[in-house]
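Beneath this line is the structure, given in structure tokens, with notes to follow.
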Amino acid sequence: MATWRGPDGIQVEVIMLNRAPLYKITQRVNGRRYFLAYSSDVDGLLPWVDLGDLVEVIPFPATG
């Protein structure tokens, strides 16, 4: 699934919960990650983060 990071430690992940896709919003503070909210649509992210500040996290395969 996709993950985006924003300022102030905000992280948004797309997850499946009870067969429904949801956005999971968390925030990292002092090394700990705190759950903030679930949202079923993009508008639910707006109280937590400006969508223009989000940057997608792209996992790269390990090489060796």
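Rule-based calculations on the coordinates, nothing more; no lab input. Model, not experiment: these values are computed from the prediction. Here the Cβ positions follow ideal geometry from the backbone for every residue, glycine too, while neighbour counts run over all protein chains shown.
General observations
- Packing here is the average count of other Cβ atoms within 10 Å per residue, and on that basis the peptides 45-53, 12-20, highest first, run 45-53, 12-20.
- Projected label points at Asp43 and Arg5, each 7 Å from Cα along the beta carbon direction, are separated by 3.1 nanometres.
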